[in-house]
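Following: one structure in structure tokens, then a few remarks.
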Amino acid sequence: MQIIWQWGIDVIGAVQRIHGPTLDIFFKGITALGDKEFFLVFLPMVFWCVDLAVGTRLAVVFLVSSYANVALKEIFQHPRPFHLDPAVGLHEAEGYGFPSGHAQSAVVLWGSLAAEVRKRWLWVLALMLMALIGFSRVFLGVHFPTDVMVGWLVGGLLLVISRPLLRWAEPRLLDMGLSLKIALGILFPVVLVLLLPVGDSPAAMGVLVGAGVGLPILHHVTAFRAGGSTWERVLRFVVGAAVLGALYIGLKALFPEEGEWLYEGFRFVRYAVLGLWTCLGAPWLFVKLGLARA
């Protein structure tokens with residue numbers, strides 16, 4: 001591996017010869033499209049303002065992909081480029097580097113969205129974002145080129161597998177009773193996080209628990225629709241995002257900090273609350289306020 005890592009550092013060094021304030025800012029902005037804060041805003045926006053079913057599929061595939069990425073990183077435990085050569089580090093990143101979570105998530109998220117919408121322009125945009133986000137990780141020195149290439153590969157495999165699997169699972173889940181849906185929505189993520197309670201696994205599985213509980217109840221109590229006029233969609237997003245941000249910041253301040261006892265457990269709970277608000281609390285409130293039609 002030392003030979004591959006050294007080759008990667010050489011590639012990063014060659015790429016960074018063109019770096020400067022403008023390019024650094026540009027690629028930091030591009031790489032932010034793969035940060036968890038972006039997904040905490042983007043996925044609820046799709047869910048509330050575009051299409052509930054599409055948002056649900058995107059969220060499920062993205063969260064399972066995030067868990068798989070954590071598992072792979074724990075298996076391989078490869079360093080990041082700046083761990084071996086601090087001079088190439090133009091950006092901060094935590095944890096192991098292989099495979100690239102940003103590259104993997106870009107393929108899964110934007111590929112899934114393009115597959116749902118089935119528009120040529122969106123496929124072109126999706127491919128551009130996959131390439132740019134992956135390249136940004138190399139440019140900023142937080143991933144070796146091999147990390148990014150394998151991230152793209154894993155993301156592509158998950159994208160191909162998830163499409164038929166979702167088509168098979170959806171009608172079967174819809175036919176289940178409410179109690180069974182909620183039980184599965186809790187049990188599946190809890191088992192996964194107990195098996196791998198590290199990295200972003202508690203956060204991803206926490207959101208999945210919130211969605212697994214919230215969505216069945218939402219379908220039981222109201223038929224939320226994400227359509228409506230532009231102003232209704234904008235207001236839904238503003239109201240929903242404001243509460244989501246308040247919960248994110250407030251619970252983070254209230255719960256134990258990283259390194260403290262029970263931090264991961266409370267982190268799981270915090271993200272479960274975010275998932276529950278996104279998939280149940282906000283849609284129910286939108287219908288009650290007249291900002292969405294049932």
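The values are calculated or read from the model by the stated rules, or taken from the named source; none is laboratory data. Since we're looking at a predicted model, the values are computed, not measured. Virtual Cβ from ideal backbone geometry, glycine too; neighbours counted across all protein chains shown. With ligands, DNA and RNA removed, areas are computed over all heavy atoms of the protein, side chains included. Shrake-Rupley method; radii C 1.70, N 1.55, O 1.52, S 1.80 Å.
Compute log10 of I(q)/I(0) for segment 169-294 with the Debye formula, placing one identical point scatterer on every Cα and leaving out solvent, at q = 0.09, 0.14, 0.22 Å⁻¹, to two decimals.
Relative scattering, expressed as log10 I(q)/I(0), comes to -0.29, -0.68, -1.21.
Quick one: putting +1 on the C-beta of Lys and Arg, -1 on the C-beta of Asp and Glu, what dipole do you get for the chain around its Cα centre, in Debye to the nearest 20?
Magnitude of the dipole: close to 1120 debye.
Shape call for segment 241-294 from the C-alpha gyration tensor, a ≥ b ≥ c root eigenvalues: rounded (a/c under 1.5), prolate (a/b greater than b/c) or oblate? It would help to have the intermediate numbers written out before the result.
On the way: a/c = 5.33, a/b = 2.80, b/c = 1.90.
Because a/c hits 1.5 or more and a/b exceeds b/c, segment 241-294 counts as prolate.
List the lysines whose Cα lies under 29 Å from the Cα of Lys288, skipping any in the same chain that are fewer than 8 positions away.
In chain and number order, the partners are Lys181, Lys252.
Would you please put 169-175, 285-291, 22-28 in order of how densely packed they are, using the mean number of other Cβ atoms within 10 angstrom per residue and starting with the highest?
Peptide ranking by packing, descending: 285-291, 22-28, 169-175.
Hey, any idea what % of segment 55-137's accessible area is carbon plus sulfur with a 1.4 Å probe?
Here carbon and sulfur together make up 65 percent of the probe-accessible area.
Using the heavy atoms of the protein chains alone and a 1.4 angstrom probe, what is the accessible area of the chain per residue in square angstrom?
So the chain comes to 50 Å² accessible per residue, rounded to a whole number.
Calculated from the structure, mean projected area of the Cα convex hull in nm² equals which of (1) 13.7; (2) 23.5; (3) 16.4?
(3)
If packing is taken as the average number of other Cβ atoms within 10 Å across a peptide's residues, how do 84-92, 6-14 rank, most packed first?
6-14, 84-92
How large is the Kirkwood hydrodynamic radius of segment 48-149, counting all unique pairs of alpha carbons, in Å?
Computed over segment 48-149, the radius equals 14.5 Å.
What's the Kirkwood radius of segment 1-110 in Å, using all Cα pairs? Show your work: numbers first, answer last.
Details: mean 1/r = 0.0635 Å⁻¹.
Evaluated over segment 1-110, this radius sits at 15.8 Å.
Please compute the contact order of segment 1-153 in relative form: average sequence separation of alpha-carbon pairs under 8 Å and at least six residues apart, divided by the residue count, as a percent.
Answer for segment 1-153 is 32 percent.
Hey, any idea what % of segment 138-236's accessible area is carbon plus sulfur with a 1.4 Å probe? Before the final figure, lay out the partial values.
Details: 3800 of 4970 Å².
Here it works out to 76 percent.
Considering the zone a paramagnetic label at Leu180 would reach in this model (a point 7 Å from Cα along the Cα-to-Cβ line), which residues of segment 198-225 have amide N under 19 Å from it?
What the label zone holds, given the 19 Å backbone N cut-off, is 212-221.
When we measure straight from the Cα of Lys28, which lysines land under 17 angstrom away, once same-chain ones fewer than 8 places off are left out?
Of all the lysines, those that pass the test against Lys28 - Cα under 17 Å, at least 8 places apart if same chain - are Lys36.
Kindly provide the GluC sites (Glu not before Pro) of segment 195-294 that DSSP labels as loop, not H, G, I, E or B, and whose Cβ sees at most 16 other Cβ atoms within 10 Å. Provide the component values of the computation, followed by the final result.
Working: sites: Glu232, Glu257, Glu258, Glu260, Glu264; in loops: Glu257, Glu258, Glu260.
Sparse-neighbourhood loop GluC sites (Glu not before Pro): Glu257, Glu258, Glu260.
Say we join alpha carbon atoms closer than 10 Å with springs in a Gaussian network model of the chain; which of Thr222, Thr146, Thr230 then has the biggest fluctuation?
Answer for the Gaussian network model of the chain: Thr230.
Could you work out the Kirkwood radius for segment 1-59, taking every pair of different alpha carbons, averaging 1/r and inverting it, reported in Å?
14.4 Å
Hey, can you list the DSSP H helices of the chain whose Cα span along the axis is 15 Å or longer and whose average Kyte-Doolittle score is at least -1.0?
Counting only whole DSSP H runs, the qualifying helices are 2-15, 21-32, 36-49, 52-76, 101-117, 120-139, 145-174, 178-195, 201-221, 230-254, 263-276.
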